[in-house]
Each structure stands twice: as C-alpha cells, then as structure tokens.
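Chemist: Pasting a structure below so you can have a look.
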Amino acid sequence: MSMNGLQQADRRFSVAARHNWPAVAFYCITLGILFAGAAAGLLIGGISVTVDQVLDALVQRGGDQSGIVIWSLRAPRVVVGVLAGACMAVSGALMQGMTRNPLADPTLTGVAAGAACAIVAMQACWPAIPVVLHPLLGIAGGLIAAALTFALAWREYLSPTYLALAGLAV
C-alpha cells in the first residue's frame, strides 16, 4: 500500500519535529528571556511606572510624563540593547564560521589585543589625548591587528589553524 505525497510530507515533518524539539524549546526560552528583558527595560528606571502606563504609552504614544519617559528614554535604550546584542551574535557566528572553531572569540584573531595596544600606546605617547577618541583608536588598532593577522595567514589560504596561530602571534 503506497502513501500519497501529502501523507509522506506529513510523516517527514512529524519525524523532523520529534528530533528537533530541543532546538524549538531553546528558541522559545530565548525569546521569552528577550521579551522579559525588554519588559524590564521599559519598567525599571528612575521614574516608577506601572505596567498599565507602559502599555498605554506603547499603544497610544501617550503625551503624559510616563509616555515621554518611555518613548524618549526607555524604548530607545531597549532597542539599542537588542540591536547591539544581535550584532554581537552575528559577529560571533561569523568568526566561528570563518575559523571553523566553535570557541572562537576576538582574541583568536588578535583584534582585542590590537585595540588595547592602540589605546595604551596613544595614551602613553600623548597623555593629553581626549578620552572621546579612545573608541576610535580601539577600532583602528583592531582593524590593523585583523589586517596583519589575515596577511600572515593569507599564504596558507586562510586555513583556520594558520589563522589562529597568526592571531595569537599578533
């Protein structure tokens, strides 16, 4: 007795769903933590607001004090936090994929050391340099260290092993 295409697809989906339940549970738990953190970010601050005030401000874009606090201070803070976390997750996934190493981090390619070295060197040479320039110096140092690491590993076609050794050497 043969099954038609719909029954076969249904059977394959149910088998895949049974084997994939840990991933689904992980995603649900992660989303729950994200929403709980976002809710806490909207509720917690110097001015106390209730859940009703937050919901009113989000739905109606309220003009009262709580609405102004939520829309001008707390909501942007939550959005920036979520976007920064997403960017860090993507950069970590890219680095792990590029090096084919599940434990890869910025120290593996020398980026962290290059950033720290640039800031310390500039601070030692020019102590009067404004603190506002430290992030720019760190970015420049990290980029230079990454370029040096990739240049050293380029001979071996960016092999993960040579990339890790070059990053540690930098």
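Chemist: Just to verify a result, which residue in region 99-120, among those that are touching a Gly at 6+ places or on another chain (Cβ under 8 Å), aliphatic (A, V, I, L, M) and part of a helix (DSSP H, G or I), is farthest from Ser159 (Cα to Cα)?
Modeler: Ile119
Chemist: Considering only region 148-165, state which residues are closer than 12 Å to Thr109 by Cβ and among the polar types (S, T, N, Q).
Modeler: Once the filter is applied, which keeps residues that are closer than 12 Å to Thr109 by Cβ and among the polar types (S, T, N, Q), region 148-165 yields only Thr149.
Chemist: Condition first: in contact with a Phe, Trp or Tyr (Cβ under 7 Å, 6 or more places away or on another chain) and closer than 30 Å to Ser48 by Cβ. Can you find one or more residues in region 83-90 that meet it?
Modeler: Looking for residues that are in contact with a Phe, Trp or Tyr (Cβ under 7 Å, 6 or more places away or on another chain) and closer than 30 Å to Ser48 by Cβ, one finds none in region 83-90, hence no.
Chemist: Quick check on my filter: what residues within region 63-122 are among the hydroxyl-bearing types (Ser, Thr, Tyr) and open to solvent by 50 Å² or more (accessible area, probe 1.4 Å)?
Modeler: If the condition is that a residue be among the hydroxyl-bearing types (Ser, Thr, Tyr) and open to solvent by 50 Å² or more (accessible area, probe 1.4 Å), then Ser72, Ser91, Thr107 are the ones that fit.
Chemist: Just to be sure I understand the filter: pairs with C-beta atoms under 8 Å, separated by 6 or more residues or on different chains, first member in region 92-116 and free of Cβ contacts under 8 Å to residues at least 12 places away in the same chain, second member assigned to a loop (DSSP other than H, G, I, E, B) and of a type outside the set (A, V, I, L, M). Which pairs pass?
Modeler: What qualifies is Gln96/Pro102.
Chemist: Another one. For Leu168, state whether it is in a helix (DSSP H, G or I), aliphatic (A, V, I, L, M) and farther than 30 Å from Arg61 by Cβ.
Modeler: So Leu168 fits the description; yes.
The values are calculated or read from the model by the stated rules, or taken from the named source; none is laboratory data. Because the structure is a prediction, the values reported are computed rather than measured. With ideal geometry, Cβ positions are generated from the backbone for all residues, glycine too; neighbour counts draw on all protein chains shown. Just the protein is used for accessible areas: all its heavy atoms, side chains included, with ligands, DNA and RNA removed. Shrake-Rupley method; radii C 1.70, N 1.55, O 1.52, S 1.80 Å.
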